[in-house]
Amino acid sequence: MFDGTYQDGDTIRHRRTDNRPPVMTADKVNLWYGEKQALIDVSLEIPETGILAFIGPSGCGKTTMLKCLNRMHDEIRDVKITGNMQFDGKDIMDEDIDPPEFRKQFGWVAQRPNPFAMTVWENVAYGPRIHSVCDQGELEEHVQNCLERAFLWDEVKDRLHKTYGVDLSVGQQQRLCIARALSTRPRVLLMDEPTGSIDPVATQQIEELILELAKDHAIVIITHSMMQARRISDEVGYFHLGELVEIGPTQTIFDNPQDPRTKAFIHGAVG
């Protein structure tokens, strides 16, 4: 979809240079909560690697769409979804799709860190155990790898079995939640405002981590920070009243949006 490298402030981002198909597509997705329509004909592609950011006012459909991707609406009453979503070219609603197995392809990171009331080690080991991601003999190495990838290992390696996740700093808790999200070896990471409740220093650490993870994961992130979207994303999609108004390369969306609603939001006239 993109190629080359471009400089944005102090960040250098590398575009994909091949023609691999997207890991996931959505085509004319509509969703209703009872009588209220929350998504209107949303279509998009998620590249196999890189960062897609959803921006838009509160209540415009961003989180609703994020939850559609891994079928988190399945158990919600009175939800109706139409359209087509495919993962690796297969309809995610096919009868032979097992939802829990399907969701293993996705890691979820919420706005507020939500570590389990367990030790740091148990927080990361829990998912691989219940999903049989790796053999028991490989679990120690796997937990360490996840914590290393989340830039947390050096800070917790001497207290893995002593310190509870809830006793870490807020920024460390969020990196622990990212390590936990990585523990089932997902291909896609879904992040709903992952820096919305942490300080600027911790935010910078999380952004650096997201950029590193994007080298071999697809990441879809919701952010209310236009600066953050511009700093870290490869593509941006602007949602307004349930519609995906515009989606495209980050630099294009910010510097030359085609829809006046997108331009108004980016310049602070809507929000």
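Scan the range 132-141 for residues that are in a helix (DSSP H, G or I) and surrounded by fewer than 15 Cβ atoms within 10 Å (Cβ to Cβ) and jot them down. Talk me through it step by step, then tell me what you get.
Kept after step one, since they are in a helix (DSSP H, G or I), are these residues of the range 132-141: 136-141.
Correct list: Gln136, Gly137, Glu138, Glu140, Glu141.
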- Has the range 212-227 got any residue that is over 20 Å from Glu48 (Cβ atoms), over 16 Å from the mean Cα position of the chain (by Cα) and open to solvent by 20 Å² or more (accessible area, probe 1.4 Å)? yes
- Item | Those residues of the range 30-63 which are within 18 Å of Trp108 (Cβ to Cβ) and open to solvent by 20 Å² or more (accessible area, probe 1.4 Å), in sequence order | Thr63
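Can you find even one residue in the range 196-206 that is within 26 Å of Leu31 (Cβ to Cβ), at pLDDT 95 or above and open to solvent by 40 Å² or more (accessible area, probe 1.4 Å)? Write out each step before concluding.
Restricting attention to the range 196-206, the residues satisfying the condition of being within 26 Å of Leu31 (Cβ to Cβ) are 196.
Of the ones still in play, those that are also at pLDDT 95 or above are none.
So far as the range 196-206 goes, no, none of its residues is within 26 Å of Leu31 (Cβ to Cβ), at pLDDT 95 or above and open to solvent by 40 Å² or more (accessible area, probe 1.4 Å).
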- Task: From (1) within 26 Å of Ile51 (Cβ to Cβ); (2) touching a Ser or Thr at 6+ places or on another chain (Cβ under 8 Å), pick out the condition that doesn't hold for Ala181.
- Result: (2)
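Within the range 142-157, count every residue that is free of Cβ contacts under 8 Å to residues at least 40 places away in the same chain and under 25 Å from the mean Cα position of the chain (by Cα). Walk me through it before giving the result.
Our first condition is that a residue be free of Cβ contacts under 8 Å to residues at least 40 places away in the same chain; within the range 142-157, this holds for 144-148, 152-157.
Now restrict to residues that are under 25 Å from the mean Cα position of the chain (by Cα): 144-148, 152-156.
Residues flagged as free of Cβ contacts under 8 Å to residues at least 40 places away in the same chain and under 25 Å from the mean Cα position of the chain (by Cα) within the range 142-157 amount to 10.
For every residue, the table says whether it meets (1) touching a Lys or Arg at 6+ places or on another chain (Cβ under 8 Å); (2) open to solvent by less than 80 Å² (accessible area, probe 1.4 Å).
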| residue | (1), (2) |
| --- | --- |
| Ala117 | no, no |
| Glu122 | no, yes |
| Arg149 | no, yes |
| Leu152 | yes, yes |
- Message: Take the conditions touching a residue at least 60 places away in the same chain (Cβ under 8 Å) and either crowded, with 23+ Cβ neighbours inside 10 Å or not in a loop (DSSP other than H, G, I, E, B) (or both) and apply them to Gln173. Does it pass?
- Response: yes
- Message: Go through the range 229-257 and report how many residues are open to solvent by less than 10 Å² (accessible area, probe 1.4 Å), in contact with an Asp or Glu (Cβ under 7 Å, 6 or more places away or on another chain) and not in a strand (DSSP E or B).
- Response: 3
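Hey, which of the helices (runs of 4 or more DSSP H) in the range 13-131, taking only ones fully inside, have at least 1 residues that are over 15 Å from the mean Cα position of the chain (by Cα) and among the polar types (S, T, N, Q)? Outline the logic, then answer.
On the way: elements: 62-69, 99-103, 120-131.
Ranges flagged: 120-131.
Being open to solvent by 50 Å² or more (accessible area, probe 1.4 Å) and part of a helix (DSSP H, G or I), is that true of even one residue in the range 178-192? Walk me through it before giving the result.
Filtering the range 178-192 down to residues open to solvent by 50 Å² or more (accessible area, probe 1.4 Å) leaves 185, 187.
Next cut, part of a helix (DSSP H, G or I) only: none.
Looking through the range 178-192, none of the residues is open to solvent by 50 Å² or more (accessible area, probe 1.4 Å) and part of a helix (DSSP H, G or I).
The values are calculated or read from the model by the stated rules, or taken from the named source; none is laboratory data. Given the structure is predicted, the values throughout are model-derived calculations rather than measurements. For neighbour counting, all protein chains shown are included, and Cβ atoms are generated from backbone atoms with ideal geometry for every residue, glycine included. For accessibility, only protein heavy atoms count, side chains too; no ligands or nucleic acids. Shrake-Rupley method; radii C 1.70, N 1.55, O 1.52, S 1.80 Å.
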